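Down below is the structure, laid out as structure tokens.
The values are calculated or read from the model by the stated rules, or taken from the named source; none is laboratory data. Just so you know, these numbers come straight off a predicted model, no measurement behind them. Counting neighbours? That spans all protein chains shown, and the Cβs are built from the backbone with ideal geometry, glycine included. Side chains are part of the model used for accessible areas, which takes the heavy atoms of the whole protein and leaves out ligands, DNA and RNA. Shrake-Rupley method; radii C 1.70, N 1.55, O 1.52, S 1.80 Å.
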Amino acid sequence: MSDGGTPPISSSVGSVNAGTSSGAADPENEIIDDKTPFRKFVKKIQKQQGGGCWRWQCNFCKLYYNGSYTRVRGHLLKEGTTGVAVCNKVTPHAFTAMSKLVKECKERLMNAAPRHVPLPSSRQQGGSSSTSSYGMSYHAYTQAPTTSDGGKKRKTAAGFIENAFQNSAREQCDGEVARMYYTGGLSFNLARNPHYRNSYIRVSTLSGYIPPDYNALRTTLLAKERKNIEQHLEPIKITWKDKGVSLCSDGWSDAQRRSLINVIATCESGPMMLKAINCEGEFKDHSMIADLIIDSIKEVGWENVVQVVTDNGPVCSKVGALIASKYPTIFWTPCVVHTLNLDVKNICTPPLVASNADVFDACCWI
Ligand SMILES: [Zn+2]
């Protein structure tokens, strides 16, 4: 009987001595969820519609109620504000013990909470240094807001204070952004992403802007962007029928060294990435690769596909044969670049065997 993460409560009910005057005396080894310590004073009966709602029985008064944890607490602590009757069987002694328990849980939660570590500040680092701890020169900041008036460098006291304030605010912004990278495990390469910089530039023009949250990023915004990209690719797709498509496929590894196989549809109007499949842990034989490419042929429409281009390895040559036998109008073409690559490798390091001695002598200098 678990509602996804909360510890079982009914098993520990016996230890509470509910309904007696002893209140909340716990054995030492009992596990209490600090966020929901009162769960152990009730018995869950049945899950109900609505997030976190249960039918439960109070261990003190033995009566049944419906509702979430807020009601359990309201019932036992006699709050009278949570839409549930207060418990008349909780003795003063038990009430004191429960209040103490709440306090202890709160303290434990506070101690376990992530501690606030102030952002680094050059002022803290004991100096009037003009260089921030992020390697960015303060001068770069100071010049923009306090430009000289008509070429004359006038520094009033007010201007100096404003300048110092801006420096401090900018430094704190830098610190916050840097900490986002470090705590989120973000790749430093993200700083080279033009959308990273553009997003901050746009934000600077919108006061009070709050960035999208976790759910918006993974649902509505993702769907919106996908739809947008698909709309932009539509003009290319329309030309497939007239111009014919070459499907190119290659295996590669991404930054996390995951083995991927990609399929790209190219035609005169431009290339289009169809898919990149994570083949981590899979045995990449010819039938597996052929299945992937056949899926893409179906996606593009077999009548639009002119040829399939892969590298020239033995597995891919088998893939080509398999596809050609299934679709007689589709040709397999070994990738020219890969073929040249193999040729050049062979010329540069010809195998030294009796039949190849002349080639080796002629080419070994390469
Ligand atoms: Zn009760």
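A few points about this structure:
- Some residue of the range 74-84 being touching a Lys or Arg at 6+ places or on another chain (Cβ under 8 Å), more than 23 Å from K100 (Cβ to Cβ) and not hydroxyl-bearing (S, T, Y): yes
- Flag for E171 being acidic (D, E), part of a helix (DSSP H, G or I), closer than 23 Å to P120 by Cα and open to solvent by 80 Å² or more (accessible area, probe 1.4 Å): no
- Matching option when the condition is free of Cβ contacts under 8 Å to residues at least 12 places away in the same chain, open to solvent by less than 50 Å² (accessible area, probe 1.4 Å) and not assigned by TED's automatic domain parsing to the domain that holds E299, among Y196, Y182: Y196
- I210, sole failed condition from (1) surrounded by 10 or more Cβ atoms within 10 Å (Cβ to Cβ); (2) closer than 30 Å to P114 by Cα: (1)
- The residues on offer are N356, N304, and the sole one that is within 37 Å of the chain's Cα centre (by Cα), open to solvent by less than 80 Å² (accessible area, probe 1.4 Å) and over 24 Å from L260 (Cβ atoms) is N304.
- Matching entry among G51, G74 (being assigned to a loop (DSSP other than H, G, I, E, B) and more than 30 Å from G175 (Cβ to Cβ)): G51
- Residue within the range 90-104 that is in the same structural domain as K35 (by TED's automatic domain parsing), at pLDDT 90 or above, at positive phi and within 15 Å of the ligand (Cβ to nearest atom) present: no
- Strands (runs of 3 or more DSSP E) enclosed by the range 257-363 - at least 3 residues per element that are assigned by TED's automatic domain parsing to the domain that holds I238 and touching a residue at least 40 places away in the same chain (Cβ under 8 Å): 305-310
- Filtering the range 74-103 to residues that are charged (D, E, K, R), out of contact with any Cys (no Cβ under 8 Å at 6 or more places or on another chain) and more than 17 Å from I32 (Cα to Cα) leaves only E79.
- Test: G244 is out of contact with any Gly (no Cβ under 9 Å at 6 or more places or on another chain), farther than 30 Å from D174 by Cα and among the small types (G, A, S): yes
- Scanning the range 42-86 for residues that are buried (at least 19 other Cβ atoms within 10 Å of the Cβ) and either polar (S, T, N, Q) or touching a residue at least 60 places away in the same chain (Cβ under 8 Å) (or both) gives a single hit, N59.
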